1. According to the square roots a ≥ b ≥ c of the eigenvalues of the Cα gyration tensor, what is the shape class of region 260-341, taking rounded for a/c under 1.5, prolate for a/b larger than b/c otherwise, and oblate for the remainder?
2. So how many Å³ per residue does the convex hull of the Cα atoms of the chain work out to?
3. Leaving ligands and nucleic acids out of the surface, order Lys333, Lys391, Lys140 by accessible area at 1.4 Å, largest first.
4. Can you give the angle from 0 to 90° between the axis of helix 36-63 and the longest principal axis of the chain, with both taken from C-alpha atoms, to the nearest 10?
5. How much net charge surrounds Glu376 when only other residues with a Cβ under 14 Å from its Cβ are counted (Lys, Arg +1; Asp, Glu -1)?
6. Helix 160-180 sits at what angle to the longest principal axis of the chain, using alpha carbons and giving 0 to 90 degrees rounded to 10?
7. Going 7 Å from the Cα of His184 along its beta-carbon direction, which residues of region 112-139 have the amide nitrogen within less than 20 Å of the resulting point?
8. Pulled fully out, how much extra length does the chain show between Leu200 and Leu153, if you take 0.36 nm times their separation in residues and subtract their Cα-Cα distance?
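The values are calculated or read from the model by the stated rules, or taken from the named source; none is laboratory data. What you are looking at is a predicted structure, and each value in this text was computed from that prediction instead of being measured. Quick reminder, even Gly has a Cβ in these numbers, built from the backbone with ideal geometry, and neighbours come from all protein chains shown. Note: accessible area is taken over every heavy atom of the protein model, side chains too, but ligands, DNA and RNA are not part of it. Shrake-Rupley method; radii C 1.70, N 1.55, O 1.52, S 1.80 Å.
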Amino acid sequence: MGSFTLIWAGHTVALVGNSVMRFALIIQAWADGGRATSVVLLSLCALLPQIVLSPTAGALIDRLSRRTALLLADFGGLVAVGLLGLVYLSGGMQLWHVYITVALVGAAAAFQYPALASAVPQLVRTDQLQRANGMLSSAKSSAEVGGPALGGLLVALSGLGFIIWVNLVCFCLSLLAVWLVRFHETAADREAAKGPRKRLLADSLEGLRELFARPSLRDLMLVFFVVNLVMVLGFAAVQPMVLARTGNDSASLAAVNTCVGVGGISGGLLLAAWGGPRNRARGMMLGIVGMCLSAQILMASVHGVVAWGGAMMLGALLLPLVNGAMQSIVQTKVPQRLHGRVFGAVVFVSQLSIPLAMAVSGPLADHVFEPQAASESGLVGLLEPLVGSGKGSGMATLLLLAGVLGIAAAIWGMSRRTVRDIDALMPDLDATDTDPADPGPGDPEDTGRADTAQGRSPGAGPGESRSAEG
């Protein structure tokens, strides 16, 4: 796994650099007005371009080598942050400049996840997929540990300008790692690159057609759409809630974010060593329930940095389990020649609800729940024994409600046979990268019978691991 490890190391460095800058920009956005909407808008600018562009990015990735796709993703981020650095040096930087830069970095990131996810099978053996995906999960979590800690230090000692240059250096190191690695393309990859091409729009839609033609994949993505909608509705309020309840203490926020990273690293390493649950669908849904109980309901009910950090750490520990199972399902059930397009479609469908949740979360916190907290009335007043009182208790109420809704969404997912028995209904592809018998977008029950006839027991797939942004 030497080639993959070098890619992983460069990717980790880039993620840490992005996390440092993101932390500094969150502090700046909150200081600009002390409103949850400003912080949520920053996250929305990062996420919306990534989601909207993902299907097109996936189609372009399948036309390029995986190395070229990864280089373009990192280079796009490098250019966007470099432009912000020039604006900062001119002395005329305003908050809208920050929003535009974050949106451009998000557009570059639209290539990052499909390219990385589709590159993993070219870098490791099939039986190493779960370990590689676990390492990718720990990379993201390492950024959550190092980013806030280093960001809090650099904000206090050097300011935003130096942080921008640190991020530029991190992008350069990631580019160097990708440049040095040799990718092992399959015969199918080479044939796909040489074959006739459809129009870009048609290629962009092919990943969506592939998902919706397979009832189990379609229903799984719909479950993630609902889960992301309700859970992000609460998660978007976590950082402003911590700032509100600590008197804008950036050190407290950094400590809580660091605990998120520690939990994620632990979960990623556990997944890499364990390989994930045998029944991946059940593992996903139980993981979602655990995240809602810990990082949402418990997080809303406790007080103090130590308690918040513990609740978020437990929730983050379970996240690699959920994302890992989902990504391994796509990696082992979709032909490699379609990986870029399908992973782009996965991002689009499963995360399309996240911008909606973020757009609603900020105004709900600022104009509904926090006013109720100030007057000790409404739902916040009713739940005061659980969420407490004072500034930030309105956002805690929103977080608690999101946790309850998330548990209901996970139970709904397990009630659907196409999701619950996905490993039995859709056999994993073998190493030759051939399609299983697929009647197309016809009767879902016909698809279930065709898949079952091929005789694969649940959870028997060779790779059971992680998704980057589930």
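1. The shape class here is prolate.
2. 129
3. Largest accessible area first, the residues go Lys391, Lys140, Lys333.
4. Rounded to the nearest ten degrees, it is 10.
5. Once positives and negatives cancel, what remains is -1.
6. It is inclined by approximately 10 degrees.
7. 115-136
8. Extending this stretch completely gives an extra 12.4 nm.
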